[in-house]
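Each remark here refers to the structure printed beneath this line.
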Amino acid sequence: MAVLLYSEILDRWLDRIGANVATDAPFTAAEQARFINEAYADIYEISGGGILSATHTTIWEAYDTNAFSTKASLSPRIAKIVRVYEANASGVTGGSDTAFRILEKVEQERVIYLQRMQNVSYTNTKCYSITRIDETDETRLPRLRLDVFPIIPSTFFPIDYVPQFTEIDASTNTQPSVSDIESRDIALLVAARTAPLIGNHHLVPGIVLDLSERTRAALDRKLSALLDASQDR
């Protein structure tokens with residue numbers, strides 16, 4: 001199987017609710033896009049998002065003596081940094097032979113303490129922290145700050161990261177960043193949510209049963225958390 005395209009998700013959704021018609025369609029193109037991307041966002045969150053890699057020169061710029069910050073152009077693309085590597089070349093990614101160590105993630109206070117108390121020499125970087133820098137310019141998104149201990153000359157820090165959620169559409173970004181099974185869950189989830197809107201409530205149980213086990217379990221946990229009265233205590 002392959003990951004479904006936007007058009008294939010749309011057809012499967014409308015087929016399941018009996019609304020794949022050329023005339024008198026129950027949803028406009030704009031409504032279709034909103035429903036699909038709302039379902040896609042939930043499936044993307046359940047999947048954990050895909051992991052991408054970035055080289056040091058692509059992602060970081062100097063911030064101060066012991067820290068770097070993400071470049072302004074990259075900040076909107078990063079949802080979460082998963083791993084930081086120590087490398088001896090500027091243009092390598094985490095999967096390469098020259099990215100030879102995965103650094104330990106600690107709190108920023110720990111890194112700053114070690115920087116100030118350092119009284120021994122190291123040949124490798126030991127740990128890092130990631131914090132968010134607020135921007136005074138409201139038109140720019142906050143950047144991420146990388147503090148490391150210790151700073152070793154000619155050392156670079158490629159990363160693996162989860163990208164921000166990006167909506168799909170019919171023409172420019174047509175494929176969701178999920179697995180083949182998860183792309184089918186998008187169609188099923190949006191079908192389950194929209195069938196009642198056209199009076200086909202009776203279709204929902206059968207649609208939900210066709211969701212993958214992982215997706216159904218995650219949605220059940222999410223619903224239970226929302227309804228759990230103990231959260232109000």
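The values are calculated or read from the model by the stated rules, or taken from the named source; none is laboratory data. Keep in mind the model is a prediction, meaning the values are calculated, not measured. Positions of Cβ are generated from backbone atoms using ideal geometry, with glycine treated the same way; all protein chains shown enter the neighbour counts.
Side notes on the structure shown:
- Number of the condition not met by Ser75 [criteria: (1) surrounded by 17 or more Cβ atoms within 10 Å (Cβ to Cβ); (2) modelled with pLDDT of 85 or more; (3) closer than 15 Å to Tyr161 by Cβ]: (2)
- Leading residue by the ranking (farthest from the chain's Cα centre (by Cα)) among those in region 8-45 that are surrounded by 13 or more Cβ atoms within 10 Å (Cβ to Cβ) and β-branched (Val, Ile, Thr): Ile17
- Filtered residue count, region 144-176, keeping only those that are in contact with a helix residue (DSSP H, G or I) (Cβ under 7 Å, 6 or more places away or on another chain), under 30 Å from Ala25 (Cβ atoms) and modelled with pLDDT under 90: 1
- Selection status of Tyr85, more than 19 Å from Leu219 (Cα to Cα) and either among the hydroxyl-bearing types (Ser, Thr, Tyr) or surrounded by fewer than 16 Cβ atoms within 10 Å (Cβ to Cβ) (or both): yes
- Residue that is farthest from Cys127 (Cα to Cα) [pool: residues in region 72-96 that are in a strand (DSSP E or B) and not hydrophobic (A, V, I, L, M, F, W, C)]: Lys80
- Some residue of region 124-133 being modelled with pLDDT of 85 or more and within 16 Å of the chain's Cα centre (by Cα): no
- Members of region 48-71 found to be within 30 Å of Ser179 (Cα to Cα) and part of a loop (DSSP other than H, G, I, E, B), listed by number: Gly48, Gly49, Gly50, Ile51, Thr55, Lys71
- Restricting attention to region 1-29 and to residues that are among the small types (Gly, Ala, Ser) and part of a loop (DSSP other than H, G, I, E, B), the residue that is farthest from Arg193 (Cα to Cα) turns out to be Ala2.
Here's the yes/no breakdown for (1) assigned by TED's automatic domain parsing to the domain that holds Asn88; (2) assigned to a strand (DSSP E or B); (3) touching a strand residue (DSSP E or B) at 6+ places or on another chain (Cβ under 9 Å):
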| site | (1), (2), (3) |
| --- | --- |
| Tyr128 | yes, yes, yes |
| Val148 | yes, yes, yes |
| Ser154 | yes, no, no |
| Asp169 | no, no, no |
| Ser183 | no, no, no |
| Leu188 | no, no, no |
| Ala191 | no, no, no |
| Leu203 | no, no, no |
